[in-house]
Amino acid sequence: TQLLEQSPQFLSIQEGENLTVYCNSSSVFSSLQWYRQEPGEGPVLLVTVVTGGEVKKLKRLTFQFGDARKDSSLHITAAQTGDTGLYLCAGARNFNKFYFGSGTKLNVKP
Amino acid sequence: EAQVTQNPRYLITVTGKKLTVTCSQNMNHEYMSWYRQDPGLGLRQIYYSMNVEVTDKGDVPEGYKVSRKEKRNFPLILESPSPNQTSLYFCASAPGQGDTQYFGPGTRLTVL
């Protein structure tokens, strides 16, 4: 059983649409990270959220950490084909041990 | 160029034949970690190290060993590989705990 449940697993949308990816757990984390991974490469960090209720924006991407620090969401506004990739959330315990979600494979069609 | 390197990138071996996957970083990072990635399971942490001679178990340490004798290197050792260790392995490093992790390019291991 995954400590972090990520949904949806797959998402195929048209360019210009909005989408939200969810990352849920019954456990509390010291921080929550979001990564993006391209085929054949390692994950690349997008953002780290630390405080409950925190919202961070990275251009068209908005990340939110739940008040209780158990869940998080990633919202993309007006998706572009360049957003295509695998999105992973990862919760940290004591900032050292990381638990990853199973990932959301996003395909943005032109 | 700042980077995390792993060798080999691809390896096919047989059950029981000891192997080592090397990981090296040139950023003077204190924190290093090993993960395996399997379809539908995301990444799972195997071991991590907060500094030289300081290592600890991650979520799935069984069947693996690590060592951290120098700051830049963090090899992953499989003493007796089994087919269920067939996976894509990633090494990562970070300046310190809680900092941004930089991942290597991955090592695809197949154990027959």
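Observations, loosely collected:
- Some residue of the stretch B:13-30 being farther than 28 Å from residue A:46 by Cβ, touching a helix residue (DSSP H, G or I) at 6+ places or on another chain (Cβ under 9 Å) and not hydrophobic (A, V, I, L, M, F, W, C): yes
- Qualifying positions in the stretch A:37-56 - more than 10 Å from chain B (Cβ to nearest Cβ) and buried (at least 20 other Cβ atoms within 10 Å of the Cβ): A:49
- Residues in the stretch A:1-12 that are of a type outside the set (D, E, K, R), surrounded by fewer than 16 Cβ atoms within 10 Å (Cβ to Cβ) and in a strand (DSSP E or B): A:7, A:10, A:12.
- Residue in the stretch B:64-75 that is within 14 Å of chain A (Cβ to nearest Cβ), part of a strand (DSSP E or B) and among the basic types (Lys, Arg) present: no
- Within the stretch B:5-50, tally of residues that are among the aromatic types (Phe, Trp, Tyr), at the interface with chain A (Cβ under 10 Å from one of its Cβ atoms) and farther than 12 Å from residue B:87 by Cα: 2
- Among the residues of the stretch A:69-110, those identified as touching a helix residue (DSSP H, G or I) at 6+ places or on another chain (Cβ under 7 Å) and buried (at least 20 other Cβ atoms within 10 Å of the Cβ) are A:76, A:106, A:108.
- Residues (free of Cβ contacts under 8 Å to residues at least 40 places away in the same chain, within 14 Å of chain B (Cβ to nearest Cβ) and among the hydrophobic types (A, V, I, L, M, F, W, C)) located in the stretch A:57-97: A:58
- Per the conditions (1) assigned to a loop (DSSP other than H, G, I, E, B); (2) in contact with a Cys (Cβ under 9 Å, 6 or more places away or on another chain), the sole criterion not satisfied by residue B:16 is (2).
- For the stretch B:76-96, filtered to residues that are part of a loop (DSSP other than H, G, I, E, B) and surrounded by fewer than 16 Cβ atoms within 10 Å (Cβ to Cβ), the residue that is nearest to the other protein chains (Cβ to nearest Cβ) is B:96.
Each value in this text was obtained by applying a stated rule to the coordinates, not by laboratory testing. None of these values were measured; they are calculated from a predicted model. Every residue, glycine among them, receives a Cβ derived from its backbone with ideal geometry; neighbour counts consider all protein chains shown.
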